[in-house]
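Engineer: Provided herewith is a single structure, encoded as C-alpha cells, for subsequent inquiry.
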Amino acid sequence: MNARVWNLFHDGGITAIVGAVPGDLDFTVELYIRDEFDDPGKAFRIHLTHCTMLSFEPYRGTEIITDIGLISAANLEILGAEVKDGTLIGATPSGILRMKYLIESVFLDSGRAITLSDLGDAADRGMDKGKF
C-alpha cells in the first residue's frame, strides 16, 4: 500500500467501486489532472490487488459501512491518506475510508497503465498551469 498514490488524487471524486472483498477492487476516480494526459477520457482507475478490507465510517452516524455498492454510491472525495498499522486510512469530507490490500496499480480510463512518477508529473504540470 502506498498512501502517496491516494494523496496525489487529492480532490478526486470516487465515482465507482467494483469488485469483491476479499479479492480485487477497481476504483474509478475523476480528477482535473486527467487533462494532463493525451489519451482520451476523463477518469483514472485504481486497481487494488488482494483487498481484504474495505469500510467507510461516516462522521455522522454510528454504523460502519462495508457494502461496496453503498460506499460507491456515496460519491466520496479523496482528501488525503496515510498507512497506519497495515491499513490505508483515507480522509473524505464525510468520513473515513479504510482499506487493506497488497498493491495498487493506476490506469487511465483509456486502459494505459501509468506510474506514480507519471501521476506526480501530471500534478506538477497542473500546478504550473494554476489548476490547483
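Taken together, the values in this text are just the output of simple stated rules run on the coordinates, not laboratory data. All of these numbers come straight from a predicted model, not from anything done at the bench. When we count neighbours, we look across all protein chains shown, and the Cβ atoms used for this are built from the backbone with ideal geometry, even at glycine.
Engineer: Can you work out which of the residues in segment 21-52 that are among the small types (Gly, Ala, Ser) and assigned to a loop (DSSP other than H, G, I, E, B) is farthest from Tyr101 (Cα to Cα)?
Structural biologist: The initial filter retains those residues of segment 21-52 that are among the small types (Gly, Ala, Ser), namely 23, 41, 43.
Checking which are assigned to a loop (DSSP other than H, G, I, E, B) leaves us with 41, 43.
Values: Gly41: 27, Ala43: 22 Å.
Out of the qualifying residues, it is Gly41.
Engineer: Restricting attention to segment 53-76, which residues are part of a strand (DSSP E or B), surrounded by fewer than 18 Cβ atoms within 10 Å (Cβ to Cβ) and within 15 Å of the chain's Cα centre (by Cα)?
Structural biologist: Answer for segment 53-76, where residues must be part of a strand (DSSP E or B), surrounded by fewer than 18 Cβ atoms within 10 Å (Cβ to Cβ) and within 15 Å of the chain's Cα centre (by Cα): Met53, Ser55.
Engineer: Within segment 100-113, can one find any residue that is in contact with a strand residue (DSSP E or B) (Cβ under 6 Å, 6 or more places away or on another chain), in contact (Cβ under 8 Å) with a residue 24 or more places away in the chain, surrounded by 15 or more Cβ atoms within 10 Å (Cβ to Cβ) and farther than 22 Å from Thr49 by Cα?
Structural biologist: Checking segment 100-113: not a single residue is in contact with a strand residue (DSSP E or B) (Cβ under 6 Å, 6 or more places away or on another chain), in contact (Cβ under 8 Å) with a residue 24 or more places away in the chain, surrounded by 15 or more Cβ atoms within 10 Å (Cβ to Cβ) and farther than 22 Å from Thr49 by Cα.
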